[in-house]
Amino acid sequence: LPTGTRESAFVYALSAATISHAIARACTSGDLPGCSCGPVPGEPPGPGNRWGGCADNLSYGLLMGAKFSDAPMKVKKTGSQANKLMRLHNSEVGRQALRASLEMKCKCHGVSGSCSIRTCWKGLQELRDVATDLKTRYLSATKVVHRPMGTRKHLVPKDLDIRPVKDSELVYLQSSPDFCMKNEKVGSHGTQDRQCNKTSHGSDSCDLMCCGRGYNPYTDRVVERCHCKYHWCCYVTCRRCERMVERYVCK
Ligand SMILES: *[C@@H]1O[C@H](CO)[C@@H](O)[C@H](O)[C@H]1NC(C)=O
Ligand SMILES: *[C@@H]1O[C@H](CO)[C@@H](O)[C@H](O)[C@H]1NC(C)=O
């Protein structure tokens with residue numbers, strides 16, 4: 001984490017989003033004595049809907065989350081200024097992704113589920129969705145340098161395009177180590193013996209993950225439920241089936 005790679009940018013953003021998410025949700029569920037539900041929006045929620053329920057208290061989550069995530073950078077003397085700026089920026093990107101995930105959620109009411117009236121509130125998306133958003137930003141993160149601009153030093157994109165860093169982009173200071181080979185010093189476990197996917201074209205594909213070293217096949221026995229039958233009333237019986245699947249690990 002302290003090296004300031006693209007991966008650490010992602011981790012800082014995700015942890016900042018996570019802490020604020022947890023606090024906002026804890027307000028909703030009543031687990032925090034110091035806060036309550038979020039605001040009821042000013043505008044009406046659309047025909048057939050009405051505001052109700054308990055909104056996630058996003059502003060409180062962001063406020064307290066920021067205090068928590070950013071505190072070490074504001075007091076600690078250790079670590080370079082560039083690293084602190086990078087961490088502060090990426091934490092803010094994480095919170096921005098969380099802000100963007102606030103959406104209208106509704107629940108149906110009415111006789112026997114007719115849904116004639118819906119109660120709606122502003123709720124945060126699941127953390128997994130926020131993480132997926134940040135993963136996209138991780139892939140397009142910008143390499144920056146710590147450079148004087150005006151009277152102070154700022155993080156600016158390393159490539160020659162003269163523009164400030166955008167509030168929405170993750171930034172990093174150092175290129176990542178080669179994660180192919182084991183190197184404990186830089187925090188890489190290497191990919192030897194990792195399971196890979198022969199038919200995938202993504203980052204789990206054998207070609208990419210094994211870094212051209214090739215892979216070894218092995219057969220794995222999978223036991224699963226099969227020929228399931230429903231019995232009136234009310235249980236299900238299944239048989240157990242075995243099948244062999246071919247799997248691959250990197251050389
Ligand atoms: C959110 O929690 C804070 C802290 O308790 C509270 O002051 C605020 O009224 C709550 N709701 C809204 C609408 O922000
Ligand atoms: C391998 O990748 C293919 C294509 O992306 C996917 O359909 C399949 O489920 C994957 N297999 C495993 C074992 O993950």
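Read the figures in this text as sums done on the coordinates, not as results from a lab. Here the structure is a predicted model, which means the values were calculated and not measured. With ideal geometry, Cβ positions are generated from the backbone for all residues, glycine too; neighbour counts draw on all protein chains shown.
How long is the gain from Lys251 to Asp204 if the chain were fully straight, where each residue apart is worth 0.36 nm and the alpha carbon distance is subtracted?
So the chain would gain 15.5 nm between Lys251 and Asp204.
Would you list which lysines come within 21 Å of Lys182, measuring only between C-alpha atoms, while excluding same-chain residues fewer than 8 positions from it?
Filter leaves Lys251.
Of all trypsin sites (Lys or Arg not before Pro) in region 101-203, which ones are in loop regions per DSSP and have a Cβ with at most 13 other Cβ atoms within 10 Å?
Answer by residue number: Lys166, Lys182, Lys198.
Exposure proxy check: Asp133, Asp167, Asp56, Asp204 ranked by fewest other beta carbons within 10 Å?
Ordered by Cβ neighbours within 10 Å, fewest first: Asp167, Asp204, Asp133, Asp56.
Between rounded, prolate and oblate, where does region 184-250 land on the alpha carbon gyration tensor, with a ≥ b ≥ c its root eigenvalues, rounded for a/c under 1.5, else prolate if a/b exceeds b/c? Before the final figure, lay out each step's value.
On the way: a/c = 3.53, a/b = 2.83, b/c = 1.25.
Because a/c hits 1.5 or more and a/b exceeds b/c, region 184-250 counts as prolate.
In Å, the Kirkwood hydrodynamic radius of region 103-181 over pairs of distinct alpha carbons?
So the Kirkwood estimate lands at 16.8 Å.
Counting only helical runs of four or more DSSP H residues, what would the 222 nm mean residue ellipticity of the chain come to if each run contributes -39,500 (n - 2.57) and the total is spread over all its residues?
That calculation yields -10500 deg cm²/dmol at 222 nm.
Just the number, please: Stokes-Einstein D of region 1-102 in µm²/s, Kirkwood Rh from C-alpha pairs, 37 °C, 0.692 mPa s. Show your work: numbers first, answer last.
On the way: Rh = 14.9 Å.
Answer, rounded: 220 µm²/s.
Calculated FRET efficiency, Glu224 and His109, Cβ-Cβ r, R0 45 Å, to nearest 0.05?
Numbers: r = 40 Å, r/R0 = 0.90.
That pair, Glu224 with His109, gives E of 0.65.
Name the lysines eligible as straight-distance cross-link partners of Lys153: C-alpha to C-alpha under 21 Å, and not fewer than 8 places from it in the same chain.
Lys153 reaches Lys74, Lys76, Lys77, Lys84, Lys143, Lys166.
Between Val11 and Ser176, what is the label-point separation in nm under the 7 Å Cα-to-beta-carbon projection?
So the two model labels end up 1.3 nm from each other.
Take the alpha carbon atoms of region 84-130, find their center, do the same for region 19-79, and report the distance between the two centers in whole angstrom.
Cα centroid of region 84-130 versus Cα centroid of region 19-79: 11 Å apart.
At 7 Å along Cα-to-Cβ for each site, give me the label-to-label distance between Trp232 and Leu63 in nm.
For the pair Trp232/Leu63, the computed spacing is 6.0 nm.
Given a Förster distance of 22 angstrom, what is the FRET efficiency for Thr3 paired with Asp159, based on the Cβ-Cβ distance and rounded to 0.05?
0.60
Would you list the P(r) distribution for the chain, with all Cα-Cα distances sorted into 5 Å bins from 0 and each bin expressed as a whole %?
1, 6, 9, 10, 11, 11, 11, 10, 11, 9, 6, 3, 1, 0, 0, 0
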